[in-house]
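Working notes for the structure below.
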Amino acid sequence: KDLFETYAKSWMQKQRPEAITAEVQSDVHAPQPTRVNIPAQNQDEFYEAYNVTPKDGMWLDPEDRITIW
């Protein structure tokens, strides 16, 4: 859990919706929530650490998760 929480906190930032829209239109990098949530959703350890189930918003079906290594 510490790894996921520390990583999320490193990207934590408050932004108004219009600022996020402007960022997406002008920056080649993904917005902060996307940089945290998508990698977490693709790691089985995240589901184990937080007991994420198909009823949760962060759930991604195992067959849809990306594995690089």
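The values are calculated or read from the model by the stated rules, or taken from the named source; none is laboratory data. Keep in mind it's a predicted model, so treat the numbers as computed, not measured. FYI the Cβ positions are ideal-geometry reconstructions off the backbone, even for glycines, and counts take in every protein chain you see.
Values for this structure:
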| read-out | value |
| --- | --- |
| Hits in region 1-25 - residues which are in a helix (DSSP H, G or I) and touching a helix residue (DSSP H, G or I) at 6+ places or on another chain (Cβ under 7 Å) | F4, Y7, A8 |
| Scope region 25-55; condition modelled with pLDDT of 95 or more and of a type in the set (S, T, Y); matching residues | S26, Y47, Y50, T53 |
| Test: residue in region 26-49 that is under 19 Å from T67 (Cα atoms), outside any helix (DSSP H, G or I) and of a type outside the set (V, I, T) | yes |
| Subset of region 16-31 (residues that are closer than 20 Å to M58 by Cβ and either of a type in the set (F, W, Y) or more than 16 Å from the chain's Cα centre (by Cα) (or both)) | none |
